[in-house]
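Inspection log for the structure reproduced underneath, given as structure tokens.
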Amino acid sequence: MEITKYIELLKTELKIHIAAYIKLIAGIIIVSYLLSGITVIKTSELGIAERFGTIIDKGIQPGIHYFLPYPFTYIYKIHYQKYFQIDIDDFYHSFEANSVQSELWINIGIKSYAITGDNNIVYLKFILKYRIIDPLAYLFSSNGLEPLLKHLTCNSLVATLSTLKVDDVLTTFKKEMEYCLKKTVQQKINFLNLGVEITLIEIKEVSPPPETQDSFNDVIQARMEKERMVNDALLYQNEQLPLARAESRKILEQARGYQYKRIKHSQSLAERFNSLINSPDIYTQHKLYLEFIAEVFPKLKEVIIVDNGEKKIIDLRLLDKK
């Protein structure tokens with residue numbers, strides 16, 4: 001009888017302990033559930049709170065916050081200060097590595113390429129970097145965002161290459177092509193309201209087909225040699241032009257000095273001649289006249305002597321020969 005009472009007492013105490021443990025566990029679960037509403041937003045993150053499909057807070061700043069736990073409230077954490085990068089080295093493969101299209105191209109072994117405006121083939125590898133500028137727009141476009149960005153970039157690149165010549169693509173137009181590509185892709189992103197900004201598009205490698213690589217290298221080498229020769233010619237021109245100008249100034253100054261000297265000399269001779277010709281000394285005038293005739297006479301072809309109103313042509317050289 002006493003054993004039966006003792007067993008009943010033990011059962012009663014066990015039920016009481018079990019009920020207490022259940023309450024304790026339930027309390028811990030409830031407290032844990034309520035504490036799960038505590039959300040920590042890191043410095044590089046921005047939170048967006050959604051409750052039953054409605055955005056209740058689209059700009060939760062870094063720090064500790066509390067919201068009703070899931071499923072009442074769901075917190076999205078957006079890394080809006082982080083820079084993301086996509087490496088693109090093909091135009092055909094699907095972004096998913098295990099997709100049927102990707103496996104097909106891998107098994108075929110064909111390397112993807114692009115065609116320039118003059119119908120030449122080039123292979124390209126480039127990177128795309130972007131960051132989030134509108135967390136709310138990014139949140140609703142983030143599912144499949146990177147495949148979409150790759151698709152937009154590849155389409156824009158193909159369109160840009162179709163307007164260029166292969167020589168420009170391989171040599172001088174890489175930076176301009178990167179700029180145009182970035183501008184075009186950003187315009188499409190803004191139109192689709194994806195909430196991201198393209199920070200960099202960099203072409204890492206652009207090359208012709210391996211079969212024509214040597215020929216393209218020869219063309220590039222010839223172009224570089226042409227540019228080098230042009231630069232050398234311009235350098236020589238820049239060196240020689242100042243020397244030529246200095247030499248021309250020197251010659252001009254010498255000519256002006258010679259001109260001045262000859263004018264002064266001629267003026268002095270003229271003054272001397274005028275002083276002699278105006279001299280009252282008859283002997284001096286007669287001497288000057290004979291010197292003048294002796295200098296001028298050999299240069300004359302005809303000499304006309306007027307005598308007694310008659311005009312006759314007499315060749316005085318005949319008298320000189322006699």
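Summary of values
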item	result
C-alpha center-to-center spacing [the stretch 49-91, the stretch 194-216] in angstrom	34 Å
Average projected area [Cα convex hull, the stretch 136-257], square nanometres	13.4 nm²
Long-range HN-HN contacts of Ile133 with modeled amide H, under 5 Å	Val196, Glu197
Neighbour-count order for Ser141, Ser268, Ser207, fewest beta carbons within 10 angstrom listed first	Ser268, Ser207, Ser141
Under Karplus coefficients 6.51, -1.76 and 1.60, residue-wise ³J(HN,Hα) of the stretch 47-58 in Hz, glycine/proline x	x, 10, 9, 10, 10, 6, x, 10, 6, 9, 8, 9
The stretch 170-235 - Rg over Rh from alpha carbon coordinates, Kirkwood radius	1.20
Percent RCO, i.e. relative contact order, over the stretch 168-252, from Cα pairs under 8 Å lying at least 6 residues apart	23 percent
Sites Ser44 and Phe140, calculated FRET efficiency, Cβ-Cβ separation with R0 25 Å, nearest 0.05	0.75
Entries in Lys82/Lys182; Lys165/Lys226; Lys129/Lys226 that, when Cα-Cα distance is taken, lie over 29 Å	Lys129/Lys226
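Coordinate-derived values only; no laboratory data. Given the structure is predicted, the values throughout are model-derived calculations rather than measurements. Every residue, glycine as well, gets a Cβ built from its backbone with ideal geometry; the counts of neighbours run over all protein chains shown.
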